[in-house]
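K.L.:
My questions will all concern the structure given below.
The values are calculated or read from the model by the stated rules, or taken from the named source; none is laboratory data. The structure presented is a predicted model; accordingly, all values stated were derived computationally and were not measured. Cβ placement follows ideal geometry from the backbone for every residue including glycine, while neighbour counts extend to all protein chains displayed.
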Amino acid sequence: MKPRMLKSKLLAWAEALPVVTVTGPRQSGKTTLCRDAFPGKPYVSLEDFDNRVMAQTDPRGFLSRFAGTGAVIDEVQNVPGILSYLQTLVDGDPKPGRFILTGSQNLLLMDAVSQSLAGRTAVGTLLPFSLREAYGPGMEPPLWETIQRGFYPRVLTTPLPPSETLSFYVSTYLERDVRALLRIGDYVRFSTFLRLCAGRTGQILNLSDLAADAGISVNTAKSWLSVLETAYIVRRLRPWSANIGRQLAKSPKLYFLDTGLACCLLGIDSPGVLETHPLRGALFETFVVAERWKRLANAARPDNLFYYRDSKKREIDLVEETPDGLALTEIKSGATVASDWFAPLEEVAELLPRVRSRGIVCGADSPLPPPTVRATTVHSWRQF
């Protein structure tokens, strides 16, 4: 098993609270991680029909089997009502680390957790592998192969081509389970909507245009997009502004959380196709931004990432708010450092308060000498 960075957090939380909840997209490795972190606990999956029926019809009897040992209970969103009974159980015996819960459909799971287990559980999010989890330093495949393959565990372990493995994920989870969650009867329109979203990864989101292209209303597009976000398929990057009111008036950028999935939806089935594709720059940016989000999730830190764009169209791909100030990052898919990469960072750094660092992440394949140019640190995609 590849080591997961979230494991240390789970173990620490299990020393402090009676319940630990791990959520995230399907097939991100939640079950494998929890069974590895807590090997002495019984394991039960509510995806299994018999277990699910017992948990639904006799929740007290179901949980009594684990009253002494606790358990890893997988796919708990299938029986959200059991959490009320679990609350009573852990209130009677609040020993830390009794139950470890996992769930994939964040929309259902987190509603139930917040109602029944508030103050009793820690909540961690496990996204697909980060670059460093998937590969050791210097062991990464070439850039475009890495991005086209993506980071879902099954893609990295199966001998099947990534596009084929991910097509099964699209048909069985996105086009069936998520569509069922939304109660969408129109398969064709939802499938079109998914692919249109993939074509907009790394771009400022215009809901009106997206809805028009998909042949649906703006409210429907907003609803479908929200569910894709709560299912950890996509995420919106907020615009940065010192004025909160101004920030809310601007549009976010849309990103997929896995580049392999975006490539699959776009019909990009090989690294060679990706390398010359019109969206290669957007997919490289998606890769970098997703890596930043994974870092935050693995450290259980709040989302502090934004982008910057002003009325003069000056834009910075990533603005990270830290206690020491703002970290600005530009993302360039090119492998050759160009002199015009630095000017936007220098201009925006003069406009924003407390800028502590400026950086560029680029498609260069090896460390870049010199690492700092005009007060800007340049990283290859392998380094950042």
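K.L.:
When the stretch 288-320 is examined, which residues are found to be closer than 30 Å to Val22 by Cα and of a type in the set (Val, Ile, Thr)?
P.N.:
Val288, Val289, Val319
K.L.:
Which residues, taken from the stretch 1-54, are polar (S, T, N, Q) and touching an Asp or Glu at 6+ places or on another chain (Cβ under 6 Å)?
P.N.:
Thr31, Ser45 - these are the residues of the stretch 1-54 that are polar (S, T, N, Q) and touching an Asp or Glu at 6+ places or on another chain (Cβ under 6 Å).
K.L.:
Kindly indicate whether any position in the stretch 266-285 is in contact (Cβ under 8 Å) with a residue 24 or more places away in the chain and in contact with a strand residue (DSSP E or B) (Cβ under 6 Å, 6 or more places away or on another chain).
P.N.:
Within the stretch 266-285 (the criterion being in contact (Cβ under 8 Å) with a residue 24 or more places away in the chain and in contact with a strand residue (DSSP E or B) (Cβ under 6 Å, 6 or more places away or on another chain)), the answer is yes, since at least one residue qualifies.
K.L.:
Then there's this: Can you tell me which of Asp303, Asp324 is more than 21 Å from the chain's Cα centre (by Cα) and not aromatic (Phe, Trp, Tyr)?
P.N.:
Only one candidate passes the filter, namely Asp324.
K.L.:
Gly119 - would you say it is of a type in the set (Gly, Ala, Ser) and outside the structural domain of Gly24 (by TED's automatic domain parsing)?
P.N.:
no
K.L.:
Let me ask something else. Would you check which residues across the stretch 5-58 are touching a residue at least 24 places away in the same chain (Cβ under 8 Å) and of a type in the set (Phe, Trp, Tyr) and list them?
P.N.:
Residues satisfying the conditions are Trp13, Phe38, Tyr43.
K.L.:
Mind listing whichever residues of the stretch 130-146 are closer than 15 Å to Arg295 by Cα and not in a loop (DSSP other than H, G, I, E, B)?
P.N.:
Leu131, Arg132, Glu133, Ala134
K.L.:
Another one. Could you please give the count of residues in the stretch 239-258 that are part of a strand (DSSP E or B) and at pLDDT 95 or above?
P.N.:
So the answer is 4.
K.L.:
Take the stretch 357-384 and flag every residue that is loosely packed, with under 13 Cβ neighbours inside 10 Å and part of a strand (DSSP E or B).
P.N.:
Thr372
K.L.:
Could you grab me the full set of residues in the stretch 39-50 that are at pLDDT below 95 and crowded, with 17+ Cβ neighbours inside 10 Å?
P.N.:
The answer is Leu46, and nothing else.
K.L.:
Only one of these is at pLDDT 95 or above, in contact with a Pro (Cβ under 9 Å, 6 or more places away or on another chain), surrounded by 19 or more Cβ atoms within 10 Å (Cβ to Cβ) and not polar (S, T, N, Q): Leu261, Leu274. Name it.
P.N.:
None of the other options fit; the residue is Leu261.
K.L.:
Okay, moving on. Tell me yes or no: at least one residue of the stretch 275-283 is β-branched (Val, Ile, Thr) and outside any helix (DSSP H, G or I).
P.N.:
Yes.
K.L.:
With respect to Val178, is the statement that it is over 28 Å from Arg314 (Cα atoms), modelled with pLDDT under 85 and part of a helix (DSSP H, G or I) true?
P.N.:
Answer is yes for this residue.
K.L.:
For the stretch 128-166, give me the residue count where each residue is buried (at least 19 other Cβ atoms within 10 Å of the Cβ) and of a type in the set (Asp, Glu).
P.N.:
Qualifying residue count, the stretch 128-166: 1.
K.L.:
Among the residues of the stretch 327-342, are any in a helix (DSSP H, G or I) and buried (at least 17 other Cβ atoms within 10 Å of the Cβ)?
P.N.:
yes
K.L.:
I've got another one for you. Which of the residues spanning the stretch 332-347 are closer than 13 Å to Arg358 by Cβ and either in the same structural domain as Trp240 (by TED's automatic domain parsing) or aliphatic (A, V, I, L, M) (or both)?
P.N.:
Correct list: Ala343, Leu345.
K.L.:
Is it the case, given these coordinates, that Glu330 is within 27 Å of the chain's Cα centre (by Cα) and more than 30 Å from Leu166 (Cβ to Cβ)?
P.N.:
For Glu330, the condition - within 27 Å of the chain's Cα centre (by Cα) and more than 30 Å from Leu166 (Cβ to Cβ) - is not met.
K.L.:
Another question, then. What pairs can you find where one residue is in the stretch 191-214 and more than 12 Å from Cys264 (Cα to Cα) and without any contact (Cβ under 8 Å) to a residue 12 or more places away in the chain, the other is surrounded by fewer than 15 Cβ atoms within 10 Å (Cβ to Cβ) and of a type outside the set (Gly, Ala, Ser), and their Cβ atoms are less than 6 Å apart, with a gap of 6+ or different chains?
P.N.:
Listed by first residue and then by second, the contacts come to Ser208/Val218; Ala211/Val218.
K.L.:
I'd like to know if the stretch 116-127 contains one or more residues that are surrounded by 18 or more Cβ atoms within 10 Å (Cβ to Cβ) and in a helix (DSSP H, G or I).
P.N.:
Yes: one or more hits.
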